[in-house]
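For reference, the structure is listed below as structure tokens.
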Amino acid sequence: MGDDPTAVAENLRRAFAAIGLRAEEAVTAWLIHGNRVALVEAHHRGKLLEGVDGLITAARGLVLFMRFADCIPVLLAEPALPAVGIVHVGWRGLAAGILEAALDAFEVHLGCRPSTLYAALGPGIGGCCYAVGAEVVEALRPRLGRALPLYRINGAWHLDLPEAVRLHLRRLGVPSVIAAGVCTACHLEDWYSHRAEKGRTGRFGAWIRNP
């Protein structure tokens, strides 16, 4: 918030250049902590899609890119088609059904069942640093029930968000889910954390490319 758009664009250009890509090759999204997922095709290359928290594609060579700072980057792949996806998952998106929407989009648009997908979770805020209120617990109970990974630290409820995402993906039928196991709030030297830095922070990028 308040950053110079020119500087942001230049930083993005440098980040893509470091991995041998150009920003014009990627599709990204304006995230809203909701449950909308977009099917991305070749003509979307270089565009920013507004109001979505998930992108999927079967277009060869297309790059899907999103920015994060505590929420969980979920990367999905179906190697046989091939197809890939990226999903932005915070507690609001998890409660709203963003993971269900992403898996439904894979099945409806691309014919990929959850059982054929592989998932990887990037760095995000861990239970060690994520104190939450009763409204978060109540919003997530319908999704995970007693499996919701909560514990007490100094009298406050803490949510293990990466574990909640992993468990929910498994319950939805994704057989292989691996997690980075890195808490963004614990490692500010390497990552950004909206919670730990009280909203005055940047974003790190996560991307996936369809072969």
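Report whether or not ALA120 is of a type in the set (Gly, Ala, Ser), in contact (Cβ under 8 Å) with a residue 40 or more places away in the chain, assigned to a strand (DSSP E or B) and closer than 22 Å to LEU75 by Cα. Don't jump to the end; show me each part of the working.
Values: of a type in the set (Gly, Ala, Ser): yes; in contact (Cβ under 8 Å) with a residue 40 or more places away in the chain: yes; assigned to a strand (DSSP E or B): yes; closer than 22 Å to LEU75 by Cα: yes.
Spelling it out, ALA120 is indeed of a type in the set (Gly, Ala, Ser), in contact (Cβ under 8 Å) with a residue 40 or more places away in the chain, assigned to a strand (DSSP E or B) and closer than 22 Å to LEU75 by Cα.
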| field | Test: residue in the range 126-148 that is farther than 25 Å from ALA101 by Cα and β-branched (Val, Ile, Thr) | value | no
| Residue check, GLU24 of a type in the set (Asp, Glu) and within 20 Å of the chain's Cα centre (by Cα) | no
| task | Would you check which residues across the range 78-91 are surrounded by 20 or more Cβ atoms within 10 Å (Cβ to Cβ) and either closer than 17 Å to LEU172 by Cα or not aliphatic (A, V, I, L, M) (or both) and list them? | result | GLU78, GLY85, ILE86, VAL87, HIS88, VAL89, GLY90, TRP91
| request: Determine whether GLY126 is farther than 30 Å from ALA23 by Cβ and modelled with pLDDT of 95 or more. | output: yes
| task | Provide a single number: the residues in the range 16-45 that are farther than 16 Å from ILE208 by Cβ and aromatic (Phe, Trp, Tyr). | result | 1
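Can you tell which of GLY46, GLY51, GLY127 is in contact (Cβ under 8 Å) with a residue 12 or more places away in the chain, touching a Phe, Trp or Tyr at 6+ places or on another chain (Cβ under 8 Å), closer than 20 Å to ALA26 by Cα and of a type in the set (Gly, Ala, Ser)?
Just one listed residue meets the conditions, GLY51.
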| task | Name every residue in the range 130-152 that is closer than 25 Å to ALA196 by Cβ, free of Cβ contacts under 8 Å to residues at least 24 places away in the same chain and either among the hydroxyl-bearing types (Ser, Thr, Tyr) or exposed (fewer than 13 other Cβ atoms within 10 Å of the Cβ) (or both), in order of residue number. | result | ALA134, GLU135, GLU138, ARG152
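The values are calculated or read from the model by the stated rules, or taken from the named source; none is laboratory data. Only a predicted model underlies this, so the values are computations on that prediction, with no experimental measurement involved. Because the Cβ atoms are built from the backbone with ideal geometry, glycine has one as well, and the counts that use them run over all protein chains shown.
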